[in-house]
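A short worksheet on the structure shown next.
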Amino acid sequence: MAYSAHETRTTRLPVTIIGADTEQRFTVDQTKPLPVGEAFRPIGSLRLRQGVEYTLTVTNQDTKGFVIVDAFQLLPVAAPAK
């Protein structure tokens, strides 16, 4: 997730991903800076299934402070070796 960290940002940004029978929730502290030299901060991982439509929702409901979201990036993760 890309955002500009600042002390006035929320510490509990709710992010939800829903698809088929899956719902995954993440909470992001936007006062924490992005990793040095990186444009995105990892917020979690989720197994997405081919052919399923997913919805990613970000809300400022029940947050204190500003909510800033510049972009989300979804990346494939290699399966663990057997």
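Just so you know, all these numbers are worked out from the coordinates, no wet-lab data involved. Keep in mind that this is a model prediction, so the values were computed, not measured. Don't worry about glycine lacking a Cβ; one is built from the backbone with ideal geometry, like all the others, and counts go over all protein chains shown.
Just a few scattered comments:
- Residues located in the range 12-32, provided they are loosely packed, with under 13 Cβ neighbours inside 10 Å and of a type in the set (A, V, I, L, M, F, W, C): A20
- Residue that is nearest to the chain's Cα centre (by Cα) [pool: residues in the range 48-63 that are surrounded by fewer than 10 Cβ atoms within 10 Å (Cβ to Cβ) and closer than 29 Å to T31 by Cβ]: T55
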